[in-house]
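Read the figures in this text as sums done on the coordinates, not as results from a lab. Quick caveat, the model's predicted, so the values are computed rather than measured. Every residue, glycine as well, gets a Cβ built from its backbone with ideal geometry; the counts of neighbours run over all protein chains shown.
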């Protein structure tokens with residue numbers, strides 16, 4: 001089973017293959033090849049957005065005091081072996097972007113958007129400790145941002161191997177945004193492939209996701225694949241049939257229904 005990949009809503013074939021799900025956090029697999037477009041996505045995610053689109057900053061403390069960032073240098077891209085597979089001009093481009101973001105944050109350490117961007121770049125280049133530091137601080141500044149917790153769940157689960165913290169962050173993301181099916185799928189995938197001693201949680205997570213968002217094709221298909229793998233063909237067929245009703249043009253789902261009906 002591969003590590004958590006990009007998850008794009010509507011690409012049902014990925015779900016049917018049982019591959020890992022994820023969104024908002026930029027992932028890579030350490031292979032010989034990569035897409036330069038992925039690098040561009042990382043850079044674009046760090047661009048400044050309208051003030052009105054930024055998360056609201058919570059009150060820092062009862063006294064209004066801000067705990068200073070004590071993590072890895074914002075401009076440190078890391079030294080992961082993956083970096084050697086990226087063209088030097090691209091690496092230099094992202095090093096420059098980290099330096100720019102450091103300048104932004106020196107002027108305004110409350111800029112959650114910038115902290116998220118720092119984490120995105122470091123994570124992409126395999127600097128997981130640096131990504132953790134940036135995203136944890138973003139969460140400190142805004143504990144209502146569900147994406148921060150989902151990113152940290154993926155990071156702690158897939159790479160830092162701190163499963164208790166991963167679980168805590170996945171569940172926090174779901175608590176904050178309980179109609180985001182990606183969070184349920186990401187958490188279920190985490191329990192299936194990493195925190196396997198708590199694999200029984202997969203069913204609970206998926207069924208809760210289906211209860212919250214009953215007409216989403218992606219979670220229905222993912223759950224169908226899970227139940228099929230577990231040998232519960234009756235529930236798998238039920239879910240795939242419902243997914244097919246919602247997305248009748250999907251040949252992959254249709255084939256799954258036909259196989260389960262035999």
Legend entry - Estimated inter-spin distance, residue 211 and residue 68, nm [label 7 Å along Cα→Cβ]: 4.7
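Would you please classify the overall shape of the range 106-156 from the alpha carbon gyration tensor, given that a ≥ b ≥ c denote the square roots of the eigenvalues, rounded means a/c under 1.5, and beyond that prolate means a/b larger than b/c while oblate covers the rest?
oblate
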Legend entry - Inter-site label distance for residue 107 and residue 129 at 7 Å from Cα along Cβ, in nm: 3.1
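Work out the FRET efficiency for residue 251 and residue 164 from their Cβ-Cβ distance, taking R0 = 45 Å, and round it to the nearest 0.05.
Between residue 251 and residue 164 the formula returns 0.65.
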Legend entry - the range 138-262: relative contact order in percent, alpha carbon pairs under 8 Å with at least 6 residues between: 15
